[in-house]
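Visitor: Pasting a structure below so you can have a look.
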Amino acid sequence: MDTLSHALWGMGFFGYRRYRWQAFMVGALPDLLAFGVLFLVRMVDGSLTFGKPALDTIPAWTFVVYDVTHSWVIAGTVIALVWKLNRGIGFMLLAWPVHILLDIPFHSTDFFPTKMLWPISDFHIDGIPWSSPWIWFPNLAGLLILYSYRWKRRKGPYGERLHPDP
C-alpha cells in the first residue's frame, strides 16, 4: 500500500484520542525507514530516478530494513515493551502492525513480499499489488468512510464533545 494511505489509516484508527500526528508517522514509518532512507541516499548521490526500480538496483540493506519493519514479531515485541511503560503511546503504536496487516495481501512476491513473521519465518503471501484499481479505489473509499466517521464524532465548535469516544 502507498505510504500516505498507511499514515492515514494509522492516524484514523489510533490517533483519534491522542498522539494524532505521531500515529500518522508510525503508520508510515515502516516504509519511511526502508524506502525513505533509500530515497535520501539516492538524492544525495545523484542516482535518484522515479518509478518502480529494478530489484537488482536496490541495496541489500533496504531488504533487511523492510523485513525488520514489516515483522509482527518485531512490532509486537516493541509495542509490548512500550505498553508496559505507557499505554497511550502503546495504543498509538498499534498503527505499526496495522501497516503490516495492510501490506500482507497487497504486496506480491515480485516486489517486497511482506514476511510478517520474520525472523522466525520467511513466510509471505503472493498478494495483489496495491496499485491495482481493484485495491486502490476500495482503499480510498475505506479512508473516506473512516474519516467521515471520525469527523462525525469530533469535538463541537466550542470544544465540547459531541459524542464520547468508545
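Visitor: Would you calculate, for the chain, the mean residue ellipticity at 222 nm contributed by helices, counting each DSSP H stretch of 4 or more residues as -39,500 (n - 2.57) and dividing by all residues, to the nearest 500? Can you show the working numbers first?
Guide: Values: 8 runs with 92 residues, N = 166.
Mean residue ellipticity at 222 nm (helix-derived): -17000 deg cm²/dmol.
Visitor: Can you give the longest run of the chain that contains no chymotrypsin sites (Phe, Trp or Tyr not before Pro) sitting in a DSSP loop with at most 10 other Cβ atoms inside 10 Å?
Guide: Details: sites that count: 50, 158.
Formally, the longest exposed-site-free interval is 51-157.
Visitor: Another question, if that's okay. With label points built 7 Å along Cα→Cβ from the Cα atoms of residue 81 and residue 109, find their separation and express it in nm.
Guide: Inter-label distance under the simple model: 3.4 nm.
Visitor: For a quick check: sort 116, 43, 25, 11 by the number of other beta carbons within 10 angstrom, fewest at the front. Walk me through the numbers on the way to the answer.
Guide: Details: 116 21, 43 10, 25 17, 11 25.
Ascending Cβ contact count within 10 Å gives the list 43, 25, 116, 11.
Visitor: Just how far, in whole angstrom, is the stretch 1-27 from the stretch 41-88 if you go by their alpha carbon centroids?
Guide: Measuring centre to centre over Cα atoms gives 17 Å.
Visitor: Now, a different point. Extension gain residue 89-residue 33, at 0.36 nm per residue separation less the Cα-Cα distance, in nm?
Guide: Numbers: separation 56, 0.36 × 56 = 20.16 nm, distance 1.96 nm.
Stretched out fully, the residue 89 to residue 33 stretch lengthens by 18.2 nm.
Visitor: Still on this model: What's the local net charge at residue 1, with K and R +1, D and E -1, over the other residues with C-beta under 13 Å away?
Guide: On the way: positive: none; negative: 2, 31, 103.
Charge balance in the 13 Å sphere: -3.
Visitor: Give the angle, between 0 and 90 degrees and rounded to the nearest 10, that separates the Cα long axis of helix 20-31 from the longest principal axis of the Cα atoms of the chain.
Guide: 20
Each reported figure results from applying straightforward, stated rules to the coordinates on display, with no laboratory input. All of these numbers come straight from a predicted model, not from anything done at the bench. A quick note on method: Cβ atoms are made from the backbone with ideal geometry, for glycine too, and the neighbour counts reach across all protein chains shown.
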